[in-house]
Amino acid sequence: MKSNQLALTFSSIAENVGIARLLIASVGAQLDLPLNDIEELKVAVSEAVSNAIIHGYHNRSNHIVYLELEVTDSTLKIVVKDEGCGIPNVEQAMQPAFSTDPERMGLGFVFMQSFMDDLQVDSTVDIGTTVTMKKQLKQTSNASH
């Protein structure tokens, strides 16, 4: 089984959300994913990265966001990690329309859940949050002949 790993660390500024989106789009294109799937990956990644910047670091730019990708034959795994304030109640944070910021829709986790096959959120107050998302890759027809 072949595996490809990519890791990107970047400053917690909004401009870097676009770079995270470009990276996941490039990986999706390499995997020959349909455009719709690539769009969904871009949304999921931007939501996770935005959460880290906006909620984890309260828009303070002097922090680091970690993005790790692992591609195997069957799975694309995306990990977005911050060392921010953490989420006191992950279950509550994952409810549709829940947001600690009245300006936000609170649909980030909803998008991540609906666009990915698996979503795990691990968070510790004052230590940070790790969001792990997995997308099952459909096997191409010539994979197992």
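The values are calculated or read from the model by the stated rules, or taken from the named source; none is laboratory data. Bear in mind the structure is a predicted one, so any value in this text is a computation, not a measurement. Heads up, the Cβs are rebuilt from the backbone with ideal geometry, glycines too, and the neighbour counts pull from every protein chain shown.
Quick notes on this one:
- Residue within the stretch 46-57 that is surrounded by 17 or more Cβ atoms within 10 Å (Cβ to Cβ), among the polar types (S, T, N, Q), touching a residue at least 60 places away in the same chain (Cβ under 8 Å) and closer than 16 Å to GLU15 by Cα present: yes
- Qualifying residue in the stretch 113-127 (condition: under 20 Å from ASN16 (Cβ atoms) and either in a loop (DSSP other than H, G, I, E, B) or without any contact (Cβ under 8 Å) to a residue 12 or more places away in the chain (or both)): no
- Residue check, ILE87 buried (at least 19 other Cβ atoms within 10 Å of the Cβ) and part of a loop (DSSP other than H, G, I, E, B): yes
- Test for GLU47: is it part of a helix (DSSP H, G or I), of a type in the set (Asp, Glu) and under 11 Å from the mean Cα position of the chain (by Cα): yes
- Residues being at pLDDT 95 or above, of a type outside the set (A, V, I, L, M) and outside any loop (DSSP other than H, G, I, E, B) - total across the stretch 52-72: 4
- A count restricted to the stretch 69-106 and to residues that are of a type in the set (A, V, I, L, M), over 18 Å from ASN59 (Cβ atoms) and in contact with an Asp or Glu (Cβ under 9 Å, 6 or more places away or on another chain) stands at 4.
- Considering residues of the stretch 65-104 that are of a type in the set (A, V, I, L, M) and under 26 Å from GLN30 (Cβ atoms) only, the residue farthest from the chain's Cα centre (by Cα): VAL71
- In summary, LYS134 fulfils each of the numbered conditions (1) at pLDDT 95 or above; (2) buried (at least 20 other Cβ atoms within 10 Å of the Cβ); (3) not in a loop (DSSP other than H, G, I, E, B) with the single exception of condition (2).
- Residue check, ILE78 touching a strand residue (DSSP E or B) at 6+ places or on another chain (Cβ under 9 Å) and β-branched (Val, Ile, Thr): yes
- Selection count where residues are hydroxyl-bearing (Ser, Thr, Tyr) and loosely packed, with under 15 Cβ neighbours inside 10 Å, scope the stretch 12-37: 1
- Unmet criterion (only one of (1) in a helix (DSSP H, G or I); (2) in contact with a strand residue (DSSP E or B) (Cβ under 6 Å, 6 or more places away or on another chain); (3) polar (S, T, N, Q)) for THR9: (1)
- Taking the criterion of being in contact with a His (Cβ under 9 Å, 6 or more places away or on another chain) and part of a helix (DSSP H, G or I), the only residue of the stretch 91-107 that qualifies is ALA93.
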